[in-house]
Amino acid sequence: MKRICVYCGSKTGNRPEYLEAAKSLARAMTDRNIGLVYGGGSIGLMGQIADSVLANNGEVIGVIPRNLFKNEIAHRDLTRLITTAGMHHRKAKMTSLADGFIALPGGFGTLEELFEAITWSQLKIHSKSKPVGLLNAAGYYDQLHDFISHAVGQEFIKSRHQALYTVHCDAHALLDMMEEMICSA
C-alpha cells in the first residue's frame, strides 16, 4: 500500500485514546512509508493525523469540497490540498488516490464514508486489493462490529461480507491484517 485513506472526526472526542490512536496510526504509516489521504481539515482527529504524518516526514494529501473549506478549516501545510466541487467528488477522489481505507473514531461523515468503502468492496467496485480497516481505539467500534454481526444473524448481510473489513486496536497490527487481505485477494 502506497497510500491509505483515513476517515475520522473533525472533533477529538472525549477520550485521550482517540488522539493517541491518530498519532499511533500516523507513526505506523510513516514507518512503512505509507502516505495519508484524508478529508483535508486542520481540526479534530483529521488535523491530528495530518500533523503527525507531516511531523514524521510523510506524504499528506487532503481532499476537501469548496463548500466545506471554511467549515472544516482546511489544513494549509499539506503535501497537497485538492478542492472538489462537492462531497461525491471528494469521496471519488479520495478513493482513486488510496490503496486502502481506515476509519478512526468519528461521527456520521466517518461512518458514511466507511460504509461506502465496505459497500464498494461488496459490489466489487474495488476489491480486497483495497482493504478496509477499523482502528478500534478504546473499543469505539465494538458496538458497530456487534451490530454488523447481528445484521449477519438476521440475514441482511451475508456472513462472507463481514470479512470485507478488519478490526484491531493496534495500528501496526491493523496494517499487518490489511496487508494480509491484499495478499489473499
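The values are calculated or read from the model by the stated rules, or taken from the named source; none is laboratory data. All figures in this text were calculated on a predicted structure; none of them were measured in a lab. Counting neighbours? That spans all protein chains shown, and the Cβs are built from the backbone with ideal geometry, glycine included. Heads up: the accessible areas ignore ligands, DNA and RNA and are worked out on the full protein's heavy atoms, side chains in. Shrake-Rupley method; radii C 1.70, N 1.55, O 1.52, S 1.80 Å.
Of note:
- Scope the stretch 99-114; condition surrounded by 15 or more Cβ atoms within 10 Å (Cβ to Cβ) and closer than 16 Å to TYR141 by Cβ; matching residues: PHE101, ILE102, ALA103, LEU104, PRO105, GLY106, GLY109, THR110, GLU113, LEU114
- Residue tally, condition open to solvent by less than 40 Å² (accessible area, probe 1.4 Å) and over 13 Å from the mean Cα position of the chain (by Cα), over the stretch 1-33: 4
- Hey, LEU97 in contact (Cβ under 8 Å) with a residue 40 or more places away in the chain, over 14 Å from SER10 (Cβ atoms) and either hydrophobic (A, V, I, L, M, F, W, C) or touching a strand residue (DSSP E or B) at 6+ places or on another chain (Cβ under 6 Å) (or both) or not: yes
- Segments classed as helices (runs of 4 or more DSSP H), wholly inside the stretch 4-118, with at least 3 members that are out of contact with any Asp or Glu (no Cβ under 6 Å at 6 or more places or on another chain) and farther than 22 Å from MET178 by Cβ: 44-55, 87-97
- Only one entry of SER121, SER149, SER129 meets the criterion of being outside any strand (DSSP E or B), open to solvent by 20 Å² or more (accessible area, probe 1.4 Å), hydroxyl-bearing (Ser, Thr, Tyr) and in contact (Cβ under 8 Å) with a residue 40 or more places away in the chain, and that entry is SER129.
- Residue satisfying all of: in the stretch 69-98; touching a Lys or Arg at 6+ places or on another chain (Cβ under 7 Å) and open to solvent by less than 50 Å² (accessible area, probe 1.4 Å); farthest from VAL37 (Cα to Cα) among these: THR84
Yes or no, residue by residue, for (1) within 15 Å of the chain's Cα centre (by Cα); (2) under 24 Å from TYR18 (Cβ atoms):
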site: PHE108; (1), (2): yes, yes
site: LEU111; (1), (2): yes, yes
site: LYS124; (1), (2): no, no
site: GLY133; (1), (2): yes, yes
site: GLY139; (1), (2): no, yes
site: GLN154; (1), (2): no, no
site: CYS169; (1), (2): yes, yes
site: ASP176; (1), (2): no, yes
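- Selection status of LEU45, closer than 22 Å to LEU111 by Cβ, in contact (Cβ under 8 Å) with a residue 60 or more places away in the chain, among the hydrophobic types (A, V, I, L, M, F, W, C) and open to solvent by less than 10 Å² (accessible area, probe 1.4 Å): yes
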